[in-house]
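The values are calculated or read from the model by the stated rules, or taken from the named source; none is laboratory data. Just so it is clear, the structure is predicted and the values come from calculations on it, not from any experiment. All Cβ positions, glycine included, derive from the backbone under ideal geometry; neighbour counts span all protein chains shown.
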Amino acid sequence: MRQTICCASTVTEYGPSTYGDRVADVYDRMPQVLGRDTERVVAALAGLAGRGPVLELGTGTGRLALPLAAGELAVHGIDASEEMIKKLRAKPGGDRIPVAIGDLADVAIDGRFSLIFVAFNTFFGLLSQEDQVRCFAVAEHLTADGVFVLEAFVPDVTRFDRGQRVGVTHVGVGPGALRLAV
């Protein structure tokens, strides 16, 4: 699924690889990535994986895949961004992780996995509920005792009450300003 985003006279297609392609060069230095407790997450995932193998949806630069693979698990991945995978491949051990390139909801994969996971809000890169539901079909590749893990934020709904909710009816760009009509 692609969504058209229009600002002033610029129209950009936003697709499955857009986010990764745009942030690949800085992803590993982003504060929200640096602030993650990666060691704790890797330990939890490794515990759930048992002896593996593991499939990561949205492998990216290998923040989780590389330490899992270093712990002797067979790790496979799917990612839509070739730019992110280039960063993975440039790291020690990155060339040993097989990654299918494509949309998380559409890539055909083979095999069975003791753990399939999608971390760090990557699931929200699937722009429609239909795509998100299709993504869950990958669970058919779980072993009988396999686990599917989805890490995602839970929005603070209190941010949208007490008159703090804003609905935008028009966005306009003028000289030196951005105008929102509410």
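A few remarks follow.
- Filtered by the rule that a residue be aromatic (Phe, Trp, Tyr) and under 12 Å from the mean Cα position of the chain (by Cα), region 101-121 gives Phe117, Phe120.
- Some residue of region 95-110 being free of Cβ contacts under 8 Å to residues at least 12 places away in the same chain, loosely packed, with under 14 Cβ neighbours inside 10 Å and of a type in the set (A, V, I, L, M, F, W, C): yes
- Here Glu56 fulfils each of the conditions (1) more than 24 Å from Asp145 (Cα to Cα); (2) in contact (Cβ under 8 Å) with a residue 24 or more places away in the chain apart from (1).
Residue-wise test of (1) of a type in the set (Gly, Ala, Ser); (2) touching a helix residue (DSSP H, G or I) at 6+ places or on another chain (Cβ under 7 Å); (3) modelled with pLDDT of 90 or more.
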| residue | (1), (2), (3) |
| --- | --- |
| Leu104 | no, yes, no |
| Leu115 | no, yes, yes |
| Asn121 | no, no, no |
| Leu126 | no, yes, no |
| Glu140 | no, no, yes |
| Asp145 | no, no, yes |
| Phe148 | no, yes, yes |
| Phe153 | no, no, no |
| Phe160 | no, no, no |
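- Which listed residue, of Glu83, Glu130, Glu151, is in contact with an Asp or Glu (Cβ under 6 Å, 6 or more places away or on another chain) and either over 22 Å from Arg36 (Cα atoms) or surrounded by 11 or more Cβ atoms within 10 Å (Cβ to Cβ) (or both): Glu83
- Complete set of residues in region 34-76 that are in a loop (DSSP other than H, G, I, E, B), of a type in the set (D, E, K, R) and over 16 Å from the mean Cα position of the chain (by Cα): Asp37, Arg51, Glu72
- Pairs linking a residue in region 130-157 that is farther than 15 Å from Ile78 by Cβ to a residue that is assigned to a loop (DSSP other than H, G, I, E, B) and not basic (Lys, Arg), with Cβ atoms under 7 Å and 6 or more positions apart or on different chains, are Glu151/Ala119; Glu151/Phe120; Ala152/Asn121; Phe153/Asn121.
- Flag set for Gly111, criterion: assigned to a loop (DSSP other than H, G, I, E, B), at pLDDT 85 or above and over 19 Å from Gly15 (Cα atoms).
- Filtered residues of region 29-46 (kept if surrounded by 10 or more Cβ atoms within 10 Å (Cβ to Cβ) and at pLDDT 80 or above): Thr38, Val41, Val42, Ala43, Ala44, Leu45, Ala46
- Restricting attention to region 92-108, the residues being assigned to a loop (DSSP other than H, G, I, E, B) and hydrophobic (A, V, I, L, M, F, W, C) number 5.
- Entry remark, region 80-91: residues being touching a Leu at 6+ places or on another chain (Cβ under 8 Å) and not in a helix (DSSP H, G or I) number 2 in total.
- Top-ranked residue of region 125-160 - restricted to ones that are of a type in the set (Asp, Glu) and in a helix (DSSP H, G or I), ranked as farthest from the chain's Cα centre (by Cα): Glu140
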